[in-house]
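One structure is given here, and the rest of the page talks about it.
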Amino acid sequence: MSTAVKFDRVSKKFTSHRKRADSFQEAFVNIFRRNDRLKAEDMWVLDDVSFEIEAGESVALVGPNGTGKSTTLKLITSILYPNAGQIDIVGRVGALLELGAGFHPDLTGRENIFLNGSVLGLSRAEITQKLDDIIAFSELEAFLDMPVKHYSSGMFMRLGFSIAVYTNPDILLVDEVLAVGDAHFQRKCLDRIDRLKEQGVTIVLVSHNLGDARRICKRAIWMEGGRIIADGPTESVARQYLRHSYEQGSAVAANTEGSRWGTGEVRIEQLRFLNAQEKESEVFDTGDTLTIEIHYYASQKIEQPVFGIGIHRSDGTHITGPNTKFAGYDISAIEGRGVVRYTVSSLSLLEGTYHLSLAVTDRHMVEMFDYHGRMYSFRVLPSQEEQHGVVSLGGQWLLTEEK
């Protein structure tokens, strides 16, 4: 199989300059520090990036904003050129980048079809031959002779995608803009991309919707800080990226809207979420082992206390509320510091963010010593097996044919 896209140690920088003076006084002061004001700052968007995409492959570029994904697509289309490294492209590139890119605002939709087609190297006769298909797919017949400066973002996306997919691209680049269209047109776009894949067209997709990335692409490249962090099967890379982003953005006591109250004879000093390796984590997969470790301090001897937890999904749905009394686990007495652990050997929760409440009460569950209302959070990553609902029941399917 031949290579359609090759990046060999590619780097790209943008240069920014400090803003000009906003007032006469600032301009006068800057006379005495002009060297500082004119100093340029370089920002490396891509830093020594190398990868290859084979002809007919479908690849998703994933990662947070500002990490070089869109810049990579612009380098493939030669809208931008690298400061270092080599880029090799084999085949005609069709690109759907930011909304309105490649369109002249004063020209009509019909005129912009011919303009875009000519930029892609098609003759007027070739464009005319494809014109009806482009118009029909875009569903913009009534607006085709209107200047595109009056188009909505959804109309821009419809026309841009229609041109990109009906001009015989060998490589199709799609940058996030599928999110703009309505549900009906999004389905049309995804179906069309599927047909292009069957025809052997190379697809490079930039999307923050990992569902689209999983559906369209078999391979994903995770980019961050201008470098490639992971490159491999989409499901594996997506899960690595999700876990990293959740861990970067989470903290155990992250819910500032939580509440705390109680008499204080027993105080909960710390909570930890532990995985099967007894390491702290706030990110889990369905089926993982989850241990909730509660560190407490009892200022006096408390006989038969009850420890309990409550779990709510982020939308407020109450999932469960186990405690030591319901479980028949009798704690004779506590005094001083200690640890109580609640372990789930196989987590049945499906994808979502979950908030945890903690409570420690007297034996009758009347006097509240310490209550932490939804003060802790953990996340469950998307499941490969089940995707809808709150929990996986872990059931098994069996077909028996009647004779």
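The values are calculated or read from the model by the stated rules, or taken from the named source; none is laboratory data. Computed from a prediction, not measured in an experiment: that's the story for all the values here. Neighbour counts are summed over all protein chains in view; Cβ atoms, including those assigned to glycine, are modelled from backbone coordinates with ideal geometry.
Working only within segment 189-213, note down all residues that are out of contact with any strand residue (DSSP E or B) (no Cβ under 8 Å at 6 or more places or on another chain) and crowded, with 19+ Cβ neighbours inside 10 Å.
Cys189
Can you name every residue in segment 65-86 that is crowded, with 16+ Cβ neighbours inside 10 Å and either among the aliphatic types (A, V, I, L, M) or in a loop (DSSP other than H, G, I, E, B) (or both)?
Thr67, Gly68, Leu73, Leu75, Ile76, Thr77, Leu80, Pro82
Would you check if Ala142 is outside any helix (DSSP H, G or I) and of a type in the set (Gly, Ala, Ser)?
Spelling it out, it is not the case that Ala142 is outside any helix (DSSP H, G or I) and of a type in the set (Gly, Ala, Ser).
Take Ala230 and decide whether it is closer than 30 Å to Asn275 by Cβ and touching a strand residue (DSSP E or B) at 6+ places or on another chain (Cβ under 7 Å).
Criteria met by Ala230.
For the subset of segment 309-344 comprising residues that are hydroxyl-bearing (Ser, Thr, Tyr) and exposed (fewer than 12 other Cβ atoms within 10 Å of the Cβ), which member is nearest to Met375 (Cα to Cα)?
Checking each candidate, the answer is Thr317.
Can you name the residue in segment 197-241 that is among the polar types (S, T, N, Q) and assigned to a loop (DSSP other than H, G, I, E, B) and is also modelled with the lowest pLDDT among such residues?
Only one residue tops the list, namely Asn209.
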